[in-house]
Amino acid sequence: MIIYNVTVNIDDSVHDEWLTWMKDKHIPDMLATGKFSHAKMTKVLVEEELGGTSYSIQYTTKDRKTLNAYYQEDAEKLRTEALKRYADKFVAFRTELEVISQQIP
């Protein structure tokens, strides 16, 4: 299992609009690609020196092949939409994580 993690710092001036857009539009669009089984959005609780608020959005996919298909078929379109809406109001970085084990009590 692979987690595609996107960490975003969003400017306070568009925070509320962006958060609604993420929950109602962008994350559902990501899931609609059929390449992710679920998504989890978390707020980073560390205060950022540069201001704004940071979030981690974790999309779970079954394997690297499926993640690569997302990159080839969907990533550009979905990233471009975010850039058009919030151009200079956010910074984002992406991380790929491999799940080694998961324990549930």
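Each reported figure results from applying straightforward, stated rules to the coordinates on display, with no laboratory input. Keep in mind it's a predicted model, so treat the numbers as computed, not measured. Because the Cβ atoms are built from the backbone with ideal geometry, glycine has one as well, and the counts that use them run over all protein chains shown.
The C-alpha atoms of the chain define a longest principal axis, and helix 76-86 lies at about 20 degrees to it. Karplus-based coupling profile of segment 28-36, in residue order and whole Hz: x, 5, 4, 5, 5, 5, x, 9, 10, with θ = phi - 60° in 6.51 cos²θ - 1.76 cosθ + 1.60 and x standing for Gly or Pro.
Report relative contact order for segment 20-105 in percent, whole number only (criteria: Cα-Cα under 8 Å, sequence separation at least 6).
Once divided by the residue count of segment 20-105, the mean separation gives 23 percent.
Which shape class applies to segment 42-99: rounded if a/c is under 1.5, otherwise prolate when a/b exceeds b/c and oblate if not, where a ≥ b ≥ c are the square roots of the Cα gyration tensor eigenvalues? Since a/c reaches 1.5 but b/c is at least a/b, the shape of segment 42-99 is classed as oblate. Points 7 angstrom from Cα along the Cβ direction at S37 and Y71: gap in nanometres? Computed distance between label sites S37 and Y71 equals 2.2 nm.
A cut-off under 12 angstrom between Cβ atoms defines the neighbours of Y71, and their net charge, with Lys, Arg +1 and Asp, Glu -1, is +2. For semi-axes √(5λ) of the Cα gyration tensor in Å, which listed value, (i) 24, 18, 12; (ii) 89, 12, 6; (iii) 35, 13, 9, comes from the coordinates shown? Of the labelled values, this structure produces (i).
I need the calculated FRET efficiency for the pair D29 and E98, taking r as the beta carbon distance and R₀ as 35 Å, to the nearest 0.05. Taking R0 as 35 Å, the efficiency between D29 and E98 is 0.90.
Mind checking the full-extension length gain between E49 and T7? Use 0.36 nm per residue of separation minus the Cα-Cα distance, one decimal, nm. Walk me through the numbers before you get to the answer.
Details: separation 42, 0.36 × 42 = 15.12 nm, distance 1.55 nm.
Gain on extension, E49 to T7, equals 13.6 nm.
Using a cut-off of 11 Å between beta-carbons, work out the net charge of the residues near K35 (Lys and Arg +1, Asp and Glu -1, K35 not included). Charge balance in the 11 Å sphere: -1.
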